[in-house]
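Chemist: Quick one: this structure, given as structure tokens, is what I'll be asking you about.
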Amino acid sequence: MSRNSLQTRPQRSSLEVKPEPIRPSPDRNPKVGSSFRRRLQYYYWRLIRLSGPPEAIARGLACGVFAGLFPLFGLQTILGICLALIFRGNKIIAAAGTWVSNPLTYVPIYAFNFHLGKWLLQKNSLTDISLGSWQEFKALGSEIIWTLFVGCFTVGMVGGICSYFLGLTLIRRVRASYRSRRRHQR
């Protein structure tokens, strides 16, 4: 039975009030989340087909991850793209790399960065902060910001270097797999 025969409506007689609904063919079963899967496949293929050498794409990812680990809300993407321009990285991947920090990961990332900065600077006096006193908090503001930025810079450097090598390995592997599949199809 063809698809067209299932989608045609029977002739209406004068006694019929409601037309019969058009039913999809039984071999076509729309699955829940199929549009999400299609969207993921679309972005997967866009990633596979990104132009540029793998090193430039990995540099863009490293710049984005580095910028994403700083507490500059709203400026992370701009910083990532600017760093990608300086280091000749892929700007699209740099913007996507900043998503390493998002509303779900802000608190754990910046708490870890703050504690790492406190450990690196050996600032044990910051543990005695009373959040009830606004004046005390204001007086320590620059010290808190400096401690956070030292931690963010350190974690950003480690995260950027790791994401560069991980991204470079994955991009090369995926592109090699894609090329071998295309060769076997011909």
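Chemist: Counting Lys +1, Arg +1, Asp -1, Glu -1, what net charge surrounds Arg172 among other residues with beta carbon under 13 Å of its beta carbon? Write out the running numbers ahead of the final one.
Modeler: Numbers: positive: Arg173, Arg175, Arg179; negative: Glu55.
For residues surrounding Arg172, the net value is +2.
Chemist: Using +1 at the Cβ of each Lys and Arg and -1 at the Cβ of each Asp and Glu in segment 53-185, identify which of Pro108, Thr147, Ala94 lies farthest towards the dipole's positive end.
Modeler: Ala94
Chemist: Next question. Going by a ≥ b ≥ c, the root eigenvalues of the Cα gyration tensor, does segment 53-185 fall in the rounded group (a/c under 1.5), the prolate group (a/b larger than b/c) or the oblate group?
Modeler: Details: a/c = 3.19, a/b = 2.80, b/c = 1.14.
Since a/c reaches 1.5 and a/b is larger than b/c, the shape of segment 53-185 is classed as prolate.
Any read-out appearing in this document is the output of simple, stated calculations on the displayed coordinates, not a laboratory observation. Here the structure is a predicted model, which means the values were calculated and not measured. Positions of Cβ are generated from backbone atoms using ideal geometry, with glycine treated the same way; all protein chains shown enter the neighbour counts.
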